[in-house]
1. When the chain is fully extended, how far beyond the present Cα-Cα distance does B:VAL93 get from B:THR34, taking 0.36 nm per residue of separation?
2. Going 7 Å from Cα along the Cα-Cβ axis for the label, what nanometre distances separate B:GLU18 from the same residue across the other copies?
3. With each pseudo-label sitting 7 Å past Cα toward Cβ, what's the B:THR115-B:GLU76 distance in nm, one decimal?
4. For peptide B:183-196, compute the average count of partner chain beta-carbon atoms within 10 Å of each residue's beta-carbon.
5. For a quick protection proxy, order the peptides A:125-136, B:86-97 by their average other-Cβ count within 10 Å, most packed first.
6. Could you quote the convex hull projected area for chain B, Cα atoms only and averaged over all directions, in nm²?
7. Per-residue Cβ counts within 10 Å, from other chains only, averaged over A:170-176: what number is that?
8. When chain B is treated as a GNM, springs tying every alpha-carbon pair under 10 Å, which of B:GLY75, B:GLY177, B:GLY118 comes out with the largest mean-square fluctuation?
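Read-outs throughout are calculated quantities, based only on the coordinates presented, and are distinct from any laboratory measurement. Model, not experiment: these values are computed from the prediction. Glycine also receives a Cβ, built like all others from the backbone with ideal geometry; neighbour counts cover every protein chain displayed.
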2 protein chains.
Amino acid sequence: MRTLDPDKHALQLEAILEAAKTCFARTGFHKTSTEAICSEAGVSSGKLFHYFPSKKAIILAVVHEQTRQLGDYIGELLQREDLSTALLECLDVILLLAGNTTERRLILEIAAEATRDGDVAALNTAGDRLLADGLAAILRGAAMRGQVSLIIPLEHAVRFLMIVIDGILYRASIDAGFDPAKERASLLTTIRSALRIVEGDPDA
Amino acid sequence: MRTLDPDKHALQLEAILEAAKTCFARTGFHKTSTEAICSEAGVSSGKLFHYFPSKKAIILAVVHEQTRQLGDYIGELLQREDLSTALLECLDVILLLAGNTTERRLILEIAAEATRDGDVAALNTAGDRLLADGLAAILRGAAMRGQVSLIIPLEHAVRFLMIVIDGILYRASIDAGFDPAKERASLLTTIRSALRIVEGDPDA
């Protein structure tokens, strides 16, 4: 019996997840068939079911993968010396995601599915907490280093940032006249002023 | 032939719209039957259809009524001498709406329906523009009177406020741990700092 090359295994898994994300963003979770994912990924349905026993397993893997990437990104930001720039860069990434139709739709599809499915909700809430805890750790570190000078309690500053992040993704979805890239300069200036960020320059 | 008392007419219409809002918030537009609205309003189906030929006509009337109320409210705010307090009070109203399950669900139901129905979308977009234009007029007046000292262009400040409003309503919907009333003090402080509001006190 042939054993599967681990690299090939990882590549196939990644191709299936990428294809699933594209399909989910295009037609929504419920209107996406496993056949469409197979076709997009260029794999047989036998291969797909070898990795994922059901469409729900694919959905969960997509959310899990996004949470893992978010965790890696926050971990990387926390290693930085200049945490106020790290915070503004994090908002920059949100603006980029909001400007990308596929990414934005995927995030809202996951949020919508979370209202219908408890397992998706649990994973999505974990991702939400990871982001909130990450922002709290970044802000705490920045405050300790004198890079921000918060005028409100830290937990409220975190919730304010979560509101702004939600709002960016939501407005980009409902308002065709809203271009996240065009809001960037003003938004960073506003957040800097709102949180009294005394250092930090994501363009440095 | 009896003529309908105009006051009674207005009261019946209002009762039907209030009942429809309650039902739509409780079960969503699509799962709400006209029978449920009749039962909630305490009117016969004949009476309901006398006012509204279809469920969609009720939905449109609800959105139209909300837009009318919003327009009245903004018109009233614009009469104030202290426009920076008016602006913060407007955010206060959003926090109140976000804390009210029925109002919050209704707003998100309308937004969801707008993605599916062009007529609802047109009315909803008109309401969205009314709010954005109202915030712009309030900010412009406040700036002229020296009550705010904007550090970003006015149109970006308006979009920032729209993002914050969207974010408050969205987060209140998805995060059971988010209590809009508890965020009030910090949020108003943050907005004050973000927009360099030099006067204004909604508790005055």
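1. Extending this stretch completely gives an extra 18.2 nm.
2. Label-point separations across copies, in nm and ascending: 5.7.
3. 3.3
4. Per-residue shielding by partner chains comes out at 5.
5. Peptide ranking by packing, descending: B:86-97, A:125-136.
6. Reported value for the Cα convex hull: 13.3 nm².
7. Other-chain Cβ atoms within 10 Å of each residue's Cβ, averaged: 6.
8. B:GLY177
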